[in-house]
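First up is the structure itself, then whatever we jot down about it.
The values are calculated or read from the model by the stated rules, or taken from the named source; none is laboratory data. In this text the structure is predicted, and so the values were computed from the model without any measurement. No Cβ is skipped: glycine too gets one built from the backbone with ideal geometry, and neighbour counts run over all protein chains shown. Accessible surface areas use protein heavy atoms only, side chains included; no ligands, DNA or RNA. Shrake-Rupley method; radii C 1.70, N 1.55, O 1.52, S 1.80 Å.
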Amino acid sequence: MLALKNKQYTMITTKGYAAQTPTSDLAEWEFERREVGPHDVQFDIQYCGVCHSDLHQIRNDWFPGIFPMVPGHEIVGKVIKVGEHVTRFKVGDLAGTGCMVDSCRTCPNCQEGLEQYCDNGNIQTYNGVNKYTDGAPTYGGYSNTIVVNEDFVLHVPASLSLAATAPLLCAGITTYSPLRHWKVGKGHKLAVLGLGGLGHMAVKFGVAFGAEVTVLSTSPNKEADARKLGAHHFVVTTDPEQVAKAKNSFDFILDTVSAEHDMAMYMSLLRTNGVHIIVGVPPEAHKIPAFAFIDGRKSVAGSGIGGIAETQEMLDFCAEHQIVSDIELIDIKDIQTAYDRMIKGDVRYRFVIDMATL
């Protein structure tokens, strides 16, 4: 029994994999989650995607973390228990949780369905503290079960591969949301910068929305995959001749790269009034000269994940169009090897942990 915020919580013993420090490898760790409250849903985790941000956060690349840290925010499984006031889920339903598990619910952004931009701070699925409920640290999906308020639980369509659906809850919505916000579709030329976990989903969505899609990549050997995913064109950005031909070509660039790159060069590929949309987060800040904006009245914008309603919309869209991530299923004991391969770009295109191996 744990007392937090003047409430008594019965706890659920949970098994997971955690980093004990920023320099330690992930290893088995037993911890506690709160028991299911009146508005909570508990689901046993069957699959959890591996996001590059898991590694960034374990290593304190962006900000100091909360340790021990259980990563994972691409979580799908089956409901095993619901609170007495839960109305939208029942035992046996397929369910998912993405990058956040709570928000204030009352600020203007939350009221507009933009919980990801909560003025008072949304609560991340891991490496956070849930100040809106029990005040306890949040632990992610590299574990066997999770308890989440029903407002932050998503219905997973049964027609989709469950394992391949997991990455939609981060890689999917991170690319779907900006494409929807800027109304990218028929008549637009969209460039996807980087063909990894995010980039391959951006290609699939861009094509599904009717845009003419080009992949920008430093890796010539990814062209066949890009075209298989539906891309209409491919530009090797280390080839000056190909880059020169692509100048002033695109209405939008969706930038999924999480490593340092030459923003000014890529912005030169935009048409007048073009928008370079950042969704990848490199450890170091971008440096962009003023003339990259001025020459062509170009813009640089950023986008995070989507809100809960938009994420459900995405899942339903994926069910309608049979869109899922391209994945490699792994045992949890192989997570460190998966991280090493992910850093090298050696995955097509998202690792997903089979949590039955925990």
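Against the definition (closer than 30 Å to E28 by Cβ, open to solvent by 30 Å² or more (accessible area, probe 1.4 Å) and not β-branched (V, I, T)), how does Q322 come out, yes or no? It is false that Q322 is closer than 30 Å to E28 by Cβ, open to solvent by 30 Å² or more (accessible area, probe 1.4 Å) and not β-branched (V, I, T). Among the residues of region 275-300, those identified as touching a residue at least 40 places away in the same chain (Cβ under 8 Å) and open to solvent by less than 60 Å² (accessible area, probe 1.4 Å) are V275, I277, V279, G280, G296.
Residues of region 95-143 that are touching a strand residue (DSSP E or B) at 6+ places or on another chain (Cβ under 9 Å) and without any contact (Cβ under 8 Å) to a residue 12 or more places away in the chain: K131 alone. Taking the numbered list (1) over 18 Å from S258 (Cβ atoms); (2) of a type in the set (V, I, T); (3) open to solvent by less than 30 Å² (accessible area, probe 1.4 Å) in turn, V207 passes all entries but (3). When region 101-110 is filtered for residues that are open to solvent by 10 Å² or more (accessible area, probe 1.4 Å) and not in a loop (DSSP other than H, G, I, E, B), the ones remaining, listed by number, are V101, P108, N109, C110.
Taking first residues from region 163-176 that are in contact (Cβ under 8 Å) with a residue 24 or more places away in the chain and within 9 Å of L198 (Cα to Cα) and partners that are part of a helix (DSSP H, G or I) and among the basic types (K, R), the Cβ contacts under 9 Å between residues at least 6 apart in sequence or on separate chains come to G172/K204; T175/K204. Scanning region 230-274 for residues that are small (G, A, S) and surrounded by 13 or more Cβ atoms within 10 Å (Cβ to Cβ) returns G230, A231, A246, S249, S258, A259, A264, S268, G274. Any chance you could count how many residues in region 279-297 are part of a helix (DSSP H, G or I) and more than 30 Å from the chain's Cα centre (by Cα)? Count: 3.
Table: residues versus (1) assigned to a helix (DSSP H, G or I); (2) hydrophobic (A, V, I, L, M, F, W, C); (3) touching a strand residue (DSSP E or B) at 6+ places or on another chain (Cβ under 8 Å); (4) closer than 29 Å to G77 by Cβ.
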site: A163; (1), (2), (3), (4): yes, yes, yes, yes
site: L179; (1), (2), (3), (4): yes, yes, yes, yes
site: L190; (1), (2), (3), (4): no, yes, yes, no
site: L198; (1), (2), (3), (4): yes, yes, no, yes
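Confirm whether D151 is farther than 23 Å from V281 by Cα, touching a residue at least 60 places away in the same chain (Cβ under 8 Å), assigned by the TED database to the domain that holds H56 and assigned to a helix (DSSP H, G or I). Yes. Looking only at region 237-272, residues that are β-branched (V, I, T), closer than 24 Å to E284 by Cβ and outside any loop (DSSP other than H, G, I, E, B) come to 2 in all.
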